[in-house]
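Scroll down for the structure; my scribbles are underneath it.
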Amino acid sequence: MTLWQQLDEVTVWPDDAVEVGRIVDAWGIKGGFKVQPFSADPKALFSSRRWFLQPPAAPTRAGVVPAPTPGVPAGPRLLKITHAKAHGEVVVAQAQDVPDRSAAEALKGTRVFVARGSFPTPTDGEYYWVDLIGLTVVNRQDEVLGVVADLLDTGPHCVLRIRARADAPEGGADERLVPFVEAYVDRVDLPARRIVVDWGLDY
């Protein structure tokens, strides 16, 4: 029986599953594995002991659960994490159903999802990327700039990638990049799904 078959237990995939990282390699000889988080601050990986898995697949938009990979049985796969900690730029973890290095190596490339409801509550002025994606961006004149397609981490701060339409091609003429800093962002209204910025239509 393969490790994937062992992990095919009857478990409900959370409706709010968010992709938070990818298993990149084994770690040690006792079943540990390395996870590359999709955020500079891997709080989401530490917030839950239940990690849901999907096999390697073509990249998808952040926060969207992918379709099952052809040839792989459909259904949720669950890792029950017993230990996880930061280790340089990765997170190293161990799970109940990964007993040795061979089992850990079998997970290489696997996509890791965590329920959004388990994320720690952010402090005032802090936001998770997944909560900003899809929000409508307007300026102080109430002119619509577009929709947040994703964010770029430039080191000093993040940048909103805004497209006139959610399905517009990346890098198109209707794309805007707005630094997500107080100088340009007036207000984030999550309930109204709006971000107000100091940014002109002709910038």
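The values are calculated or read from the model by the stated rules, or taken from the named source; none is laboratory data. Worth saying up front: this structure is predicted, and the values here are computed from it rather than measured. Glycine gets a Cβ as well: all are built from the backbone with ideal geometry, and neighbour counts include every protein chain shown.
When 98, 138 are checked against the criterion of being in a strand (DSSP E or B) and β-branched (Val, Ile, Thr), a single residue qualifies: 138. Entry remark, region 15-48: residues being among the small types (Gly, Ala, Ser) and under 18 Å from residue 99 (Cβ atoms) number 4 in total. Give the residue that is surrounded by the most Cβ atoms within 10 Å (Cβ to Cβ), with candidates limited to residues of region 138-169 that are in contact with a Phe, Trp or Tyr (Cβ under 8 Å, 6 or more places away or on another chain) and of a type in the set (A, V, I, L, M). If we take residues in region 138-169 being in contact with a Phe, Trp or Tyr (Cβ under 8 Å, 6 or more places away or on another chain) and of a type in the set (A, V, I, L, M), then 160 is surrounded by the most Cβ atoms within 10 Å (Cβ to Cβ). Of the set (1) modelled with pLDDT of 90 or more; (2) touching a Phe, Trp or Tyr at 6+ places or on another chain (Cβ under 9 Å); (3) not in a strand (DSSP E or B), all apply to residue 92 but (3).
Name the single residue, out of those in region 101-135 being of a type in the set (Gly, Ala, Ser) and in a loop (DSSP other than H, G, I, E, B), that is farthest from residue 154 (Cα to Cα). Out of the qualifying residues, it is 106.
Among the candidates 89, 182, 126, 175, the residue that is out of contact with any Ser or Thr (no Cβ under 8 Å at 6 or more places or on another chain), under 30 Å from residue 77 (Cβ atoms) and not aliphatic (A, V, I, L, M) is uniquely 89.
Let's see how each residue does on (1) at pLDDT 90 or above; (2) more than 22 Å from residue 104 (Cβ to Cβ); (3) surrounded by fewer than 16 Cβ atoms within 10 Å (Cβ to Cβ):
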| residue | (1), (2), (3) |
| --- | --- |
| 14 | no, yes, no |
| 29 | yes, no, yes |
| 32 | yes, no, no |
| 36 | yes, no, yes |
| 44 | no, no, no |
| 62 | no, yes, no |
| 68 | no, yes, yes |
| 75 | no, no, yes |
